[in-house]
There are 2 protein chains.
Amino acid sequence: MSLTFREATEADIPEIVALLRDDELGAARQPDIPAEYARAFARIEADPTTALIVGLQGGRIMATYQLDILHGLSRAGATRAQIEAVRVASELRGQGAGGVLFEDARKRAVAAGASLLQLTSDMSRQEAHAFYERLGFVGSHIGYKLDLRERE
Amino acid sequence: MSLTFREATEADIPEIVALLRDDELGAARQPDIPAEYARAFARIEADPTTALIVGLQGGRIMATYQLDILHGLSRAGATRAQIEAVRVASELRGQGAGGVLFEDARKRAVAAGASLLQLTSDMSRQEAHAFYERLGFVGSHIGYKLDLRERE
């Protein structure tokens, strides 16, 4: 499995959104709103602790993830890295692309000084959970979300 | 319950670490390493997307939490806010301090443009889970962690 990873550019947005949409949970969450994605990408570019990464094969974007660096005093002042929005093109699934993607994320996290890598995964993604556990992740926490729009 | 919240200063570090330590899971995670905490605080101050917040009552720090702003393309380019390292002084627990703290976090998250507030909680913290659910949080995810130090 050969995938080359790099930080995303603005020109990559349509391919990244298409990958995010190619998912049973993601489809409904990614409407076709190019101007909103362009604004969101500008916020990512302006944020020194967020990296949006793409994985290429033959010049095509076949995988993506986002890595956030979190600083804090807890856990002895540990720096954490958090993975969000992981996707691998459906035609590459089951061929080791996920392992290659996580190895890239692990290297970037260590380079940023992180001692802990964390992520949350929807409880319905059973196959993903088995994959994370094979990589050594421990599912020790419950991930809670609150939609702030409902409360405005 | 009157608590006044503000961003932490370097002088607050010892009181914040004492609060982080006053916890069944936190005690072992917060060794007495002042120089490390000072370095971690400098990283927090340099990070425009992380805010370390303290809640004061009568001039004493009685609560703390950390709010991270996460930008991304997923969920229609939503900005998320993530709460980490929540603590309320044991003498204030059960008196509504948690609700006041989360209302402060919600306001800061909305002011930062977030449409989603998220956190993870150790599976053993059953009382905290009931509290989050009363606030409207949905425990839809499993939180995974990987200790990067073991793999170096």
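Table for the structure above
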{"quantity": "Computed FRET value (nearest 0.05) for A:VAL138 with B:GLU103, which takes r as the C-beta separation and R₀ as 30 Å", "calculated": "0.40"}
{"quantity": "Shape call, segment A:100-141: gyration tensor on alpha carbons, a/c limit 1.5", "calculated": "prolate"}
{"quantity": "Per-residue mean of C-beta atoms belonging to partner chains within 10 Å, peptide B:28-35", "calculated": "2"}
{"quantity": "Probe 1.4 Å, protein heavy atoms only - accessible area per residue of segment B:4-151 in square angstrom", "calculated": "44 Å²"}
{"quantity": "At R0 = 41 Å, FRET efficiency that the Cβ-Cβ distance of A:GLN126 and B:ALA11 yields, to 0.05", "calculated": "0.30"}
{"quantity": "Anchor A:LYS107: lysines whose Cα lies under 29 Å away (excluding residues fewer than 8 positions away in-chain)", "calculated": "A:LYS145, B:LYS145"}
{"quantity": "Electrostatic dipole magnitude of chain A [Cβ: Lys, Arg +1; Asp, Glu -1; Cα centre; debye, to 20]", "calculated": "480 debye"}
{"quantity": "Relative contact order (percent, whole number), segment B:4-152, Cα cutoff 8 Å, 6+ residue spacing", "calculated": "18 percent"}
{"quantity": "Per-pair calculated FRET efficiency, R0 = 45 Å: A:ALA27 and B:ASP22 via Cβ, rounded to 0.05", "calculated": "0.50"}
{"quantity": "Among B:LEU116, B:LEU73, B:LEU25, residue whose mean-square fluctuation peaks in a GNM of chain B (springs only between Cα atoms under 10 Å)", "calculated": "B:LEU73"}
{"quantity": "Buried area at the B-A interface (accessible, heavy atoms, 1.4 Å probe, summed, Å²)", "calculated": "6100 Å²"}
{"quantity": "Antiparallel DSSP beta bridges within segment A:4-151, as percent of all bridges there, nearest 5", "calculated": "85 percent"}
{"quantity": "Segment B:113-132-segment A:77-94 distance, computed between alpha-carbon centres (Å)", "calculated": "22 Å"}
{"quantity": "Antiparallel bridges, percent of DSSP beta bridges restricted to the protein assembly as shown (to nearest 5)", "calculated": "90 percent"}
{"quantity": "Percent accessible area from carbon and sulfur atoms, segment B:4-151, protein chains only, probe 1.4 Å", "calculated": "51 percent"}
{"quantity": "Exercise: per-residue mean of other protein chain Cβ atoms within 10 Å, A:131-142", "calculated": "6"}
{"quantity": "Highest-first arrangement of A:81-93, A:131-143, where packing means the average Cβ count within 10 Å", "calculated": "A:81-93, A:131-143"}
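The values are calculated or read from the model by the stated rules, or taken from the named source; none is laboratory data. This one's a predicted model, so the numbers in the text were calculated from it and none came from an experiment. We place every Cβ from the backbone using ideal geometry, glycine too, and count neighbours over all the protein chains shown. We work out accessible area using only protein heavy atoms, side chains counted, and drop any ligands, DNA or RNA first. Shrake-Rupley method; radii C 1.70, N 1.55, O 1.52, S 1.80 Å.
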